[in-house]
1. Given (1) closer than 30 Å to Asn134 by Cβ; (2) surrounded by 16 or more Cβ atoms within 10 Å (Cβ to Cβ), identify the lone condition not met by Ile197.
2. Within region 188-208, can you find the residues that are out of contact with any Leu (no Cβ under 7 Å at 6 or more places or on another chain), free of Cβ contacts under 8 Å to residues at least 40 places away in the same chain and closer than 18 Å to Ser109 by Cα?
3. Across region 176-228, what is the number of residues that are of a type in the set (Lys, Arg) and either under 28 Å from Leu155 (Cα atoms) or not in a helix (DSSP H, G or I) (or both)?
4. With of a type in the set (Phe, Trp, Tyr) and either at pLDDT below 85 or surrounded by fewer than 16 Cβ atoms within 10 Å (Cβ to Cβ) (or both) as the only criterion, which of Phe92, Phe47, Phe85, Phe8 stands out?
5. Answer yes if at least one residue in region 70-82 is modelled with pLDDT of 90 or more and among the small types (Gly, Ala, Ser), and no otherwise.
6. Hey, among the residues in region 113-146 that are among the hydroxyl-bearing types (Ser, Thr, Tyr) and in a helix (DSSP H, G or I), which one's surrounded by the most Cβ atoms within 10 Å (Cβ to Cβ)?
7. Pull out all pairs, ordered by first then second residue, where Cβ-Cβ is under 6 Å, the residues are six or more apart or on different chains, the first lies in region 48-64 and is basic (Lys, Arg), and the second is modelled with pLDDT of 75 or more.
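The values are calculated or read from the model by the stated rules, or taken from the named source; none is laboratory data. Here the structure is a predicted model, which means the values were calculated and not measured. Cβ sites come from the backbone with ideal geometry, for glycine too, and all protein chains shown count toward neighbours.
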Amino acid sequence: MVGIACVFDFLDGMIARALNVYSELGKQLDSLADMVSFGVLPGVMMFQFLQMSIMRNYSEEILNSGGNGYANIDFGIFLLIMPYFGFLVTIFSAVRLAKFNLDTRQTDSFIGLPTPANTIFIVSLLFAFKQMRNWNYYELIREYVMFNQYFYLGLAVISSLLLIAPLPLFALKFKNFSWTDNKVRYIFLALALALLIVFRFAGIPLIIILYIILSVVNNILTRSKTQS
């Protein structure tokens, strides 16, 4: 469903530009739809990731607490409220979408991580972890990543900050197909395809990380050319 939402999110803008149609109402409705698909959903998933990890790691203590739940566990109150930190993603997604509607600089590129990319990263973790069951280091991944509530807590904070960070990121919008004007896009698409072929589903979160890294490198190179 997330994949379908991403496809339609890409197509609606492309069709609007091709037909040269625009309305303020359509702009707001588009952000409202994005908020549900790319704001609420990743927040709920982060909540579930955190809750699942805490229950797995502290289930014995909770069961033996004599009905006091988290009361007899060190940092019990913090563990109780920790899953709700997942909704930081939802809050910052709302801020990101509101800023996008007001920011005229984001017509040909993005400032901050787009909400669809952030959602793809979070959702793809489910499929990536399933595929990693056959990897040699699966037990380490399972222990320190898959069922580690602090990993998800850190991910919720970092992804939330990336959504509103003043970080220019290139958009996959081709005004033409020349190599000179689209070098970073062609390099990204080639490397993304390679990651999918080699790692399959596990390559999807790596593609989002690649997107951020390539954008940073492209910004540095562009700034160097401008100053020279």
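1. For Ile197, the exception is condition (2).
2. Residues of region 188-208 out of contact with any Leu (no Cβ under 7 Å at 6 or more places or on another chain): 189-190, 193-194, 196-198, 200-202, 204, 208.
Restricting the remaining residues to those that are free of Cβ contacts under 8 Å to residues at least 40 places away in the same chain gives 189-190, 193-194, 196-198.
Matches in region 188-208: Leu189 only.
3. The initial filter retains those residues of region 176-228 that are of a type in the set (Lys, Arg), namely 183, 185, 200, 223, 225.
With the extra rule that they be either under 28 Å from Leu155 (Cα atoms) or not in a helix (DSSP H, G or I) (or both), the set shrinks to 185, 200.
Matching residues across region 176-228 total 2.
4. Working: Phe92 fails: either at pLDDT below 85 or surrounded by fewer than 16 Cβ atoms within 10 Å (Cβ to Cβ) (or both); Phe47 fails: either at pLDDT below 85 or surrounded by fewer than 16 Cβ atoms within 10 Å (Cβ to Cβ) (or both); Phe85 fails: either at pLDDT below 85 or surrounded by fewer than 16 Cβ atoms within 10 Å (Cβ to Cβ) (or both).
Sole residue among the options that is of a type in the set (Phe, Trp, Tyr) and either at pLDDT below 85 or surrounded by fewer than 16 Cβ atoms within 10 Å (Cβ to Cβ) (or both): Phe8.
5. For region 70-82, residues modelled with pLDDT of 90 or more and among the small types (Gly, Ala, Ser): absent.
6. In the first step, residues of region 113-146 are kept if they are among the hydroxyl-bearing types (Ser, Thr, Tyr); the result is 115, 119, 124, 137-138, 144.
Within this subset, residues satisfying the condition of being in a helix (DSSP H, G or I) are 115, 119, 124, 138, 144.
Details: Thr115: 24, Thr119: 26, Ser124: 20, Tyr138: 14, Tyr144: 12.
Top of the filtered list is Thr119.
7. Note: pairs meeting the criteria are Arg56/Phe147.
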